[in-house]
Amino acid sequence: MTDNATRSYQTRPGNRYPAGATVVDGGVNFSIYSRHAAHVELLLFAAADSVAPFQIIPLDSRLQRMFFFWSVLVVDLPAGVHYAWRIDGPEDVHQSGFRFDREKVLLDPWARGVTDTLWQRAAAEAPGSNMATSMRAVVESAEYDWEEDEPLGCIRPEKTIIYEMHVGGFTRHPSSGARRPGTFLGVIEKIPYLMELGVTHVELLPVMAFDEQDVPAGVAELGLHNYWGYSTHSYFSPHPGYCVSPHAGAHVHEFRDMVKALHQAGIGVILDVVFNHTAEGGAGGPVINFKGIGNETFYHLDPQDRAIYRDYTGCGNTFNCNHPLVARFILECLEYWVREMHVDGFRFDLASVLSRGENGQPLYHAPVLWNIEFSNVLSETRIIAEAWDAAGLYQVGDFPGFRWAEWNGRYRDVVRSFVRGDKGMHSELARRFSGSSDLYQDDDRLPLNSINFISCHDGFTLLDLVSYNEKHNEGNGEQNRDGNNHNLSWNCGAEGETGERDIVELRRRQAKNFMAILLLSQGVPMINAGDEVLRTQHGNNNVWCQDNELGWFDWTLLEKNRDMLRFTQRMIAFRKRHACLMHTRFLNGLEREGHLFPDITWHGERFNQPSWEDHNLRVLSCTLGAVESWEEDLFVIMNMQPKQLVMPLPPVAEGNWYLAIDTARACPRDILRPADQPLQSAPTCTVQPRSVVVFEHR
């Protein structure tokens, strides 16, 4: 764009749709929403680091405004130009919620690419102009060769295994060996690892453009920044920090390269999206885009004093998701990422916010949620809700809609309690293990609505879950006040790192117990990246601001903890071999040759005696009937008591039981392929303390 920076471009009235900057025949069409604006200016910049615009284009309200949108066609303007807006309007924050500021440079909320080279958050918070320190949008070219790629609708929901990962942290560690560490292109270099692991989908922590400077002052003083990305400001733009060449407007191209490469490997892409709040914070937060174009439209405001933001997110503001314009914005955004970027699904952070009406009260028929559910463009995508918010609304098992899957927080908590040895959890575990029918069956939902997980980005890693009783977040600069205190963890006898061999071995066994139960459960399993190699955060359960080795994937662990990696790989393969672990309906019986057989039979310490009312029991076992003719029946024993258990094997008319999994055994005998499995000739088996054992019948 630099060669054309000195010329002045002619303009014509534009089209209000589509919003954003669109390359068309004859130039670029710019359109932006601002219902109550009195004066609108388009600013054109030669480059991402241009301090001043080379052309300022004022829009005429008589010719270049149609209803709520302002638009202009800039004749012969090429792709690659950088741009922003300035908007002025009435000053009436307390009565109407207007926060127009004629001096603030605004990002286009519909921008397909943004750059933050000059960005200073403090200048956008303070009075006065921030021209020299604002972010810019860039006009992206729509041209791209997808090579016949399409979103991966071919992966059936019941066969899904999700791997939650951070794009930057996955390859930033020096041990990654990535040529382009911390980027979308860096992920491509690690696709062979994902294929060997066996997951079907990656769920990426926020990759829509976010403000890395959005941290409290005390955190910033430590040199830390917003690492996770739950501070979105530009929902149509890939995050520039994950791009190799954002200044050249390569955002869309590089993201598409990653998606296409993952699809070629048979791996789907799910995006973690943050429509509950934005990077603009509360009343003292910066003016980036939404505040300056339509604060009263995009945010929940107190009806008595509209200068006050209602905060259901704990982040200073709440997106007004069920306002008609905002609901349409969200739907258009999601459909764009599917249609133009080929993503395969979305996980919605604090999704219960999206059920809140304009008065802040939850709605079962929330328009935005049902529009997402019934969208033709999104019909083959996975939609996953974190079914709660920060203001106490908890909707696990009761989230509006039928197609929505949910992060099953109840599954996480029950499995954690059972594995650490809490008594009397076996009855509740049976519900979670078999697909949480108590949460989903009564309104015609399925086991597939349950996203099962033990750990995720938010909380202890799997290794820390078995190594710490308390969180240790002192490095975050908030005096260990941040992060969840309710972790249901157990350190196995020592807090943190230890050289005591018995404790180290017990921790590995417990980690394998968790992984085994997760991958044996009905529903959709999700693995937190790094748990398969026992990644540690040294007791920090909230590394949202730790863009360093504490938050990164350490690739040396592949060798150091290769036994855990092997176990996880084999457990994933084991799950894929057994259709009885991937039911699409709740367990009600199997029909074979005209007869109905039980698909699951529950046991406790004794065969056929689950003892549901025994409040001291720490054992659960079951027999799972094969679904396919080529498949084996399974006998699963989960013994979390601190003593051995002698368990009778289920009687069989023909064939034998073979030992497939025993987490108490050392690698490689902890999980065995069918050809290597020993025959269990005795009528009973001895199950070691705190272990999971699985037999296959052949």
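Yes or no: residue 367 closer than 22 Å to residue 277 by Cβ, in contact with a Ser or Thr (Cβ under 6 Å, 6 or more places away or on another chain) and either buried (at least 24 other Cβ atoms within 10 Å of the Cβ) or of a type outside the set (Val, Ile, Thr) (or both)?
Taking the combined requirement at face value, the residue does not satisfy it.
Is one or more of the residues making up segment 174-195 buried (at least 24 other Cβ atoms within 10 Å of the Cβ) and of a type in the set (Gly, Ala, Ser)?
Checked against the condition, which is being buried (at least 24 other Cβ atoms within 10 Å of the Cβ) and of a type in the set (Gly, Ala, Ser), segment 174-195 yields no hits at all.
Considering segment 139-163 alone, what residues qualify as being farther than 30 Å from residue 577 by Cβ, in contact with a Lys or Arg (Cβ under 8 Å, 6 or more places away or on another chain) and either not in a loop (DSSP other than H, G, I, E, B) or not hydrophobic (A, V, I, L, M, F, W, C) (or both)?
140, 144, 147
Output yes when any residue across segment 284-304 is closer than 22 Å to residue 204 by Cα and either among the β-branched types (Val, Ile, Thr) or at pLDDT 95 or above (or both), and no when none is.
no
Looking at 120, 64, 95, can you tell me which residue is in contact with a helix residue (DSSP H, G or I) (Cβ under 6 Å, 6 or more places away or on another chain) and in contact (Cβ under 8 Å) with a residue 12 or more places away in the chain?
Only one candidate passes the filter, namely 120.
Report yes if some residue within segment 588-600 is closer than 28 Å to residue 492 by Cβ and of a type outside the set (A, V, I, L, M, F, W, C); otherwise report no.
Among the residues of segment 588-600, not one is closer than 28 Å to residue 492 by Cβ and of a type outside the set (A, V, I, L, M, F, W, C), which makes the answer no.
Test residue 44 against the criterion of being within 17 Å of residue 115 (Cα to Cα), part of a strand (DSSP E or B) and not β-branched (Val, Ile, Thr), and give yes or no.
Here the answer is yes, as residue 44 does meet what is asked.
Determine, yes or no, whether residue 444 is under 20 Å from the mean Cα position of the chain (by Cα) and either buried (at least 17 other Cβ atoms within 10 Å of the Cβ) or touching a residue at least 24 places away in the same chain (Cβ under 8 Å) (or both).
Spelling it out, it is not the case that residue 444 is under 20 Å from the mean Cα position of the chain (by Cα) and either buried (at least 17 other Cβ atoms within 10 Å of the Cβ) or touching a residue at least 24 places away in the same chain (Cβ under 8 Å) (or both).
Do we find that residue 288 is under 25 Å from residue 92 (Cα atoms), β-branched (Val, Ile, Thr) and in a helix (DSSP H, G or I) in this structure?
Answer is no for this residue.
Within segment 614-643, take every residue that is touching a residue at least 60 places away in the same chain (Cβ under 8 Å) and of a type in the set (Asp, Glu) and give me the one that is farthest from residue 586 (Cα to Cα).
Result: 614.
Only one residue in 35, 86, 62 is more than 25 Å from residue 333 (Cα to Cα) and basic (Lys, Arg). Which one?
Just a single option satisfies the conditions, and that option is 62.
For segment 61-102, which positions are closer than 18 Å to residue 286 by Cα, more than 37 Å from the chain's Cα centre (by Cα) and crowded, with 21+ Cβ neighbours inside 10 Å?
89
Could you pull out every one of the helices (runs of 4 or more DSSP H) wholly within segment 497-604 that has 2 or more residues that are crowded, with 21+ Cβ neighbours inside 10 Å and either small (Gly, Ala, Ser) or under 20 Å from the mean Cα position of the chain (by Cα) (or both)?
Hits in segment 497-604: 501-520.
The values are calculated or read from the model by the stated rules, or taken from the named source; none is laboratory data. As the structure is a prediction and not an experimental result, all values here were calculated from the model. Glycine gets a Cβ as well: all are built from the backbone with ideal geometry, and neighbour counts include every protein chain shown.
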